[in-house]
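Taken together, the values in this text are just the output of simple stated rules run on the coordinates, not laboratory data. Predicted model only: the values in this text are computed from it and were never measured. Every residue, glycine as well, gets a Cβ built from its backbone with ideal geometry; the counts of neighbours run over all protein chains shown.
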Amino acid sequence: MCHFLKKLFSKKKTPVIIEETNSMKKFLIVGLGNIGEKYTNTRHNIGFKILDYLAYKEDLIFETQKLGDLTTYKFKGRTFILLKPSTYMNLSGKSVLYWLTKEKIPLENLLIITDDLNLPFGSIRLKTKGSDGGHNGLKDIQEKLNTTKYNRYRFGISNEFSKGNQVDYVLGEWDEEENKTLPERLDKSIELIKSFGTAGINNTMNTFNGK
């Protein structure tokens, strides 16, 4: 994991060019998180970490643009626009709506990646709609999109914290055992993203939920 982070942050930035393509073959993949080095390895930033890992695996470079850092990934005729909002978690919706609109991406081609306290560590739950579940990032996205019907990938971070320590736990770093398991879970997350764009949301839910 240290090698991954060293290689990731040593890369030089190059311009991100988003080519014109069929809107139905273009996907916006949004990883939720907070900007700043102190948040990099926290549980709440799993959305950022998954996209950073995909960028590392595919040798992609994020570029800072309006309301977020972006890069593009081409796979089997699909264009995946990877977005890490720079608005901080609680205002994620502004960035999501801007890029969804700018790139003319259908709502059904949007996937939000976020952490979930109500799921065991590393577990996967992909849904096409639902409440914000008390997650402020999802709450803001719901308000800005004016709908609860958007795809979201919830990554379990468990709830192994004592009463009153939720904030410290969520904004805390992964422990030793979690760090050992994370690479395999990140690989699984990349497979999920690829499947979302190529096999569709329903097939992807059937394949990955509970895995």
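Per-structure values
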{"quantity": "Flagged links, alpha-carbon separation over 30 Å, of 66/211; 57/127; 57/144; 102/211", "calculated": "66/211; 57/144; 102/211"}
{"quantity": "Cα gyration tensor, the range 39-111 - rounded (a/c under 1.5), prolate or oblate", "calculated": "oblate"}
{"quantity": "Gaussian network model of the chain, springs between alpha carbon atoms under 10 Å - residue of 45, 109, 179 with greatest fluctuation", "calculated": "179"}
{"quantity": "Coarse-grained scattering of the chain at q = 0.13, 0.14 Å⁻¹, given as base-10 log I(q)/I(0) from a Debye sum over alpha-carbon atoms", "calculated": "-0.67, -0.79"}
{"quantity": "Between the range 54-88 and the range 152-205, the Cα center-to-center distance that results, in Å", "calculated": "19 Å"}
{"quantity": "DSSP loop GluC sites (Glu not before Pro) with at most 14 other Cβ within 10 Å excluded, longest remaining stretch of the chain", "calculated": "21-159"}
{"quantity": "Value of [θ]222 nm, deg cm²/dmol, for the chain, DSSP H segments ≥ 4, -39500 (n - 2.57) each, nearest 500", "calculated": "-11500 deg cm²/dmol"}
